[in-house]
Amino acid sequence: MLSREDNELLTRVGPGTPCGELLRRYWMPICPMAELTEAAPKKRVRILGEDLVLFRDGNGRYGLLAEQCCHRHASLAYGWVEKDGLRCPYHGWKYDVAGKCIEQPFEPAGSALIHEACQKSYPVQQMVGILFAYLGPAPVPLLPRYETLVRADGTRAIKVLPIHHANWLQAQENSVDPVHTYYLHGHMMAQQGLLNAGHGAGYFYRPIQKFDFELCEEPAWAGIRKIRFFGGDKPEKEVGHPAIFPNILLAPQGTELTLHWRVPMDDEHTYIIWSEFTATGDGSAAVQRDEDIPVDYIDPWKRPDGTIDLTSFATQDQMAWETQGKVFDRSRELLGVSDRGIVMWRRFLKEQIERVQAGKEPVGIVRDAKLNEMIRFTLSAGQRAHTEAVRKMMAATAAE
């Protein structure tokens with residue numbers, strides 16, 4: 001268990017909090033690029049406890065500004081996007097994508113006030129149909145080019161999950177829990193008669209004979225891998241789908257390899273977005289423009305009475321995370337041997353918070369362009385066999 005003080009340290013993400021200052025060192029996805037259109041070129045965003053406005057100006061440049069105008073603090077979310085910036089709806093002050101005030105109607109020409117009126121702004125970059133923001137200090141690191149985001153031999157899709165009413169760490173700790181998959185996913189599906197419904201739950205519904213964990217600190221990424229030894233008819237050692245520091249999981253998801261980001265909106269709400277990669281299988285290149293990547297918004301899973309439909313892995317996870325409480329009080333838990341990966345993750349997270357507090361750079365920050373050409377992950381044969389088995393299962397189900 002954690003002390004209440006350490007629990008606060010690892011879960012609070014607002015400006016000036018130790019964990020919030022750590023998380024601001026990393027690029028975070030904020031929405032699919034398809035959400036900004038000519039008809040709707042702006043969007044209100046909440047991330048790391050800050051209320052912001054994302055917009056694309058008439059020149060196609062992205063901006064991310066503090067929502068409240070620095071003049072009289074009206075919301076810029078109600079303003080007008082123009083060719084060169086975003087105009088406040090209250091008095092018409094206009095800001096460019098860097099937060100510089102470029103117009104102040106009704107103020108004297110040449111007034112020095114225009115140079116003082118700087119709106120807080122953050123850089124935005126686009127990759128694989130997703131817009132990413134960096135809320136930390138300069139110098140800005142490179143946006144990591146993980147292999148599933150830049151490989152040419154496949155296509156991609158985006159899924160946006162319903163907002164989760166739970167702290168981000170509850171979702172991320174789940175990634176280093178090697179045994180929850182047996183009951184929460186495998187047994188849950190079996191009890192509903194859905195074990196062979198094409199989602200791969202059967203892969204996890206096997207005896208877990210033992211498990212281990214590997215702390216990875218590569219030049220361009222860091223995290224923890226789960227290592228499982230499955231028993232049953234086909235014994236297997238599985239090494240793969242790492243939890244990538246600070247808030248990502250690389251997971252087999254049906255026939256794809258999927259990156260899951262768990263983005264803290266604030267202490268009690270988490271935005272979850274997936275980038276799915278499906279390989280061509282023969283190594284051939286697939287042509288797909290970022291603007292053509294499909295986006296699927298998963299409908300809220302809660303019934304009118306507040307209970308959750310547990311017929312998918314994602315809803316099963318949501319149930320577990322949300323029922324722990326909006327901010328899980330870890331001083332009340334009772335940990336076992338199977339929770340060793342969770343203990344490792346918390347210790348690793350605390351160490352990186354302390355690095356930032358000491359003025360040092362945390363792990364997984366990419367600044368070398370050569371390292372960032374393609375950041376690769378090693379997956380075990382069992383992991384790759386899992387995606388292939390699910391592919392065949394789905395094909396057989398469709399043929400019936």
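Miscellaneous remarks
- Extreme residue, farthest from ASP290 (Cα to Cα), among residues of the stretch 91-140 that are touching a residue at least 60 places away in the same chain (Cβ under 8 Å) and of a type in the set (A, V, I, L, M, F, W, C): LEU135
- Flag if ARG44 is in contact with a helix residue (DSSP H, G or I) (Cβ under 6 Å, 6 or more places away or on another chain) and touching a residue at least 24 places away in the same chain (Cβ under 8 Å): yes
Residue-wise test of (1) buried (at least 17 other Cβ atoms within 10 Å of the Cβ); (2) modelled with pLDDT of 95 or more; (3) part of a helix (DSSP H, G or I).
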| position | (1), (2), (3) |
| --- | --- |
| PRO300 | no, no, no |
| GLY306 | no, no, no |
| GLN316 | yes, yes, yes |
| MET319 | yes, yes, yes |
| SER331 | no, yes, yes |
| VAL343 | no, yes, yes |
| ARG346 | yes, yes, yes |
| GLN352 | yes, yes, yes |
| ASP368 | no, yes, no |
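- Scope the stretch 1-26; condition surrounded by 15 or more Cβ atoms within 10 Å (Cβ to Cβ) and assigned to a loop (DSSP other than H, G, I, E, B); matching residues: LEU2, ARG12, VAL13, THR17, ARG24, ARG25, TYR26
- Verdict on ALA190 being within 23 Å of the chain's Cα centre (by Cα) and either assigned to a helix (DSSP H, G or I) or under 30 Å from THR280 (Cβ atoms) (or both): no
- Wholly enclosed strands (runs of 3 or more DSSP E) of the stretch 70-180 bearing at least 2 residues farther than 21 Å from TYR271 by Cα and among the hydrophobic types (A, V, I, L, M, F, W, C): 80-82, 101-103
- Number of the condition not met by GLN324 [criteria: (1) in contact (Cβ under 8 Å) with a residue 40 or more places away in the chain; (2) in contact with a Phe, Trp or Tyr (Cβ under 8 Å, 6 or more places away or on another chain)]: (2)
- Residue within the stretch 93-103 that is surrounded by fewer than 18 Cβ atoms within 10 Å (Cβ to Cβ), of a type in the set (Gly, Ala, Ser) and closer than 13 Å to ARG56 by Cα present: yes
- Every condition in (1) surrounded by fewer than 17 Cβ atoms within 10 Å (Cβ to Cβ); (2) part of a helix (DSSP H, G or I); (3) without any contact (Cβ under 8 Å) to a residue 24 or more places away in the chain is met by GLY359 except one, and the failing one is (2).
- Residues that are part of a loop (DSSP other than H, G, I, E, B) and under 15 Å from the mean Cα position of the chain (by Cα) do not occur anywhere in the stretch 288-295.
- Within the stretch 273-287, the residues that satisfy the criterion of being in a loop (DSSP other than H, G, I, E, B), in contact (Cβ under 8 Å) with a residue 60 or more places away in the chain and among the aliphatic types (A, V, I, L, M) are ALA285, ALA286.
- Residues that are buried (at least 18 other Cβ atoms within 10 Å of the Cβ) and within 19 Å of GLU218 (Cα to Cα) were ranked within the stretch 373-400; the one that is modelled with the lowest pLDDT is LEU379.
- Members of the stretch 238-274 found to be over 8 Å from the mean Cα position of the chain (by Cα), β-branched (Val, Ile, Thr), surrounded by fewer than 23 Cβ atoms within 10 Å (Cβ to Cβ) and over 21 Å from GLU214 (Cα atoms), listed by number: THR255
- Candidates ALA171, ALA190, ALA166, ALA201: the one that is assigned by TED's automatic domain parsing to the domain that holds ASP292 and in contact with a Gly (Cβ under 6 Å, 6 or more places away or on another chain) is ALA201.
The values are calculated or read from the model by the stated rules, or taken from the named source; none is laboratory data. Just so we're clear, the structure is a prediction, and the values are computed from it rather than from any experiment. No Cβ is skipped: glycine too gets one built from the backbone with ideal geometry, and neighbour counts run over all protein chains shown.
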